[in-house]
1. Please compare each pair in Lys96/Lys149; Lys92/Lys157; Lys51/Lys113; Lys96/Lys142; Lys51/Lys165; Lys14/Lys51 to a cut-off of 18 Å on the Cα-Cα distance and tell me which ones are over it.
2. For Lys96 and Ala39 in the same chain, what is the full-extension length gain: residue separation times 0.36 nm, less their Cα-Cα distance, in nm?
3. If every alpha-carbon in segment 1-111 counts as one equal scatterer, what log10 I(q)/I(0) does Debye give at q = 0.15, 0.21 1/Å?
4. Quickly estimate the mean residue ellipticity at 222 nm for the chain, helices only: each DSSP H run with n ≥ 4 gives -39500 (n - 2.57), and the total goes over all residues, rounded to 500.
5. In whole percent, and with a 1.4 Å probe on the protein chains, what portion of the accessible area of the chain is carbon and sulfur?
6. So, counting K/R as plus one and D/E as minus one, what does the shell of residues with Cβ under 13 Å around Asp135 add up to?
7. Can you give me the accessible area per residue for the chain, using a 1.4 Å probe, in Å²?
8. Have a look at Val4, Phe28, Leu122 and report the one farthest towards the positive end of the charge dipole of the chain, computed about the Cα centre with Cβ charges (Lys/Arg +1, Asp/Glu -1).
Amino acid sequence: MEVVHLGDPVLRQKAEPVTEFTDELRSFINEMFDTMIEAEGVGLAAPQVGKSSRFFVIIADDDVRRVFINPQIISTSAELVPFEEGCLSIPKVYEKIMRPEKVTVQAQDEFGKKFILEADGLLARIIQHENDHLDGILYIDKGDADFKKKVEEQFAKREERRKAKLAQKKAKQAKLQAKLAKKGGNPPNA
Ligand code: CO
């Protein structure tokens, strides 16, 4: 699976609820765990792999695999704490963000079974970060406005460079094809 980056519109969409708990969903979730582990992440939401659907996976510091489908944060502690956050969709960027220290979340597992979980520490932090992804909210929205602007511009430039490179590659290929056609040879097999 490929993790999409800041600038991809899917990250800003409000994701759709999950209505069917199928084998397909479960294998998608397994693939998300693999992708997250490979990327050394602690949480990954479906929109981050291009699927605008309300679920995310987490492996926090207790090493437990956790799946949250159609989650709802039903309460949070009044006390806010700072924590340096990062996001697999905004690589190599970190910022200290204030959030409630504790949350109570209600969600469904990969078989549709409802559960309620009270979390604090790192797990509470990841739950809130991932839950935001389902509403098109990124952690940079919650920090310093200038920092957000800077990061968004940086990623827009990166995307432009990527597109320019791709266009260049395509033009080169077209040129090669035209050259081969002129020669009357067979086009390359690929
Ligand atoms: Co994230």
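The values are calculated or read from the model by the stated rules, or taken from the named source; none is laboratory data. Bear in mind the structure is a predicted one, so any value in this text is a computation, not a measurement. Counting neighbours? That spans all protein chains shown, and the Cβs are built from the backbone with ideal geometry, glycine included. Surface areas here come from the heavy atoms of the whole protein model, side chains and all, with no ligands, DNA or RNA. Shrake-Rupley method; radii C 1.70, N 1.55, O 1.52, S 1.80 Å.
1. Over 18 Å apart, Cα to Cα: Lys51/Lys113; Lys51/Lys165.
2. Length gained between Lys96 and Ala39: 18.4 nm.
3. -0.71, -1.38
4. On the way: 3 runs with 68 residues, N = 190.
So the helix-based figure for the chain works out to -12500 deg cm²/dmol.
5. The nonpolar share, carbon plus sulfur, comes to 50 percent.
6. Its environment carries a net charge of 0.
7. With the other protein chains kept in place, the chain gives 62 Å² per residue.
8. Val4
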